[in-house]
Amino acid sequence: MIPATFPNWGERSWLFDKSLQYIMSLDLLYELPIHPDAVVGTTTRLPMLAVPPPGPDRDLADKWATTYRTSGPPLFRGVDNIEREVPEARLVRGQDGLTLREEGGVELDGHLLLEVDTTEPIVLSYKGVLTLSGGTMQLARPRVPTKPKSQLASAARDGTTESYIGGTAFVATRQEVSIPKYRWLSFNQFIGIGRVKAFAPLHDDVDPWLISMSFDLYLGL
């Protein structure tokens, strides 16, 4: 469960003799405001702010958890045959950034604060690469959506609309946890394989793009 030497960001050599086992899924939704001068250069990193899911008083609140297991109880069993609890956490706040390029991948460097059923939060950081079909530069150009922002926010989470630009993302994560039952997360780095959807704003001069990223996180055993 714990690598002998904790790997550096993006280091994968410790996975060569291992298999990847699914741990949990991570759903994120970011707002990406586009400045009118963003098209001037391709090296400016535009800030993205994470959008928290609806509060726990909403019907079917479990559906809006930020981290979850896709099936079965929220438990992970490793090679040592010990069951460990997987958090069903909800995003409190988070940030990342996006560079505008005509083609190729762009860097991800996100920092999230997650809440669970205790007073202590979970801090999750990730680094990786995002690739958008047609490049990220197109996010600075006008594009007409088929639904208003209020509906797009929900569609970004459940994938019920086809009005988006698709892509992929790959990340490595680190967790800082002081909660005893989730402490095992702090000693492991996960590999995330993700799907990206960029939803166009209703009004280009007012509303932000919505960037949805959904990851499955794996651990090398």
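Tabulated results
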| read-out | value |
| --- | --- |
| Qualifying residues in region 104-114 (those that are touching a Ser or Thr at 6+ places or on another chain (Cβ under 9 Å) and either touching a residue at least 40 places away in the same chain (Cβ under 8 Å) or not hydrophobic (A, V, I, L, M, F, W, C) (or both)) - the one surrounded by the most Cβ atoms within 10 Å (Cβ to Cβ) | L112 |
| Which numbered condition L75 fails, given (1) of a type in the set (A, V, I, L, M); (2) buried (at least 19 other Cβ atoms within 10 Å of the Cβ); (3) modelled with pLDDT of 90 or more | (2) |
| Test result for D62, among the acidic types (D, E) and at pLDDT 70 or above | no |
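Residue-wise test of (1) among the aliphatic types (A, V, I, L, M); (2) at pLDDT 95 or above; (3) assigned to a loop (DSSP other than H, G, I, E, B); (4) touching a helix residue (DSSP H, G or I) at 6+ places or on another chain (Cβ under 7 Å).
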residue: V144; (1), (2), (3), (4): yes, no, yes, no
residue: Q151; (1), (2), (3), (4): no, no, no, no
residue: A155; (1), (2), (3), (4): yes, no, no, no
residue: S163; (1), (2), (3), (4): no, no, yes, no
residue: Q175; (1), (2), (3), (4): no, yes, no, yes
residue: L185; (1), (2), (3), (4): yes, yes, no, no
residue: R195; (1), (2), (3), (4): no, yes, no, no
residue: D207; (1), (2), (3), (4): no, no, yes, yes
residue: S214; (1), (2), (3), (4): no, yes, no, no
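The values are calculated or read from the model by the stated rules, or taken from the named source; none is laboratory data. Predicted model only: the values in this text are computed from it and were never measured. Heads up, the Cβs are rebuilt from the backbone with ideal geometry, glycines too, and the neighbour counts pull from every protein chain shown.
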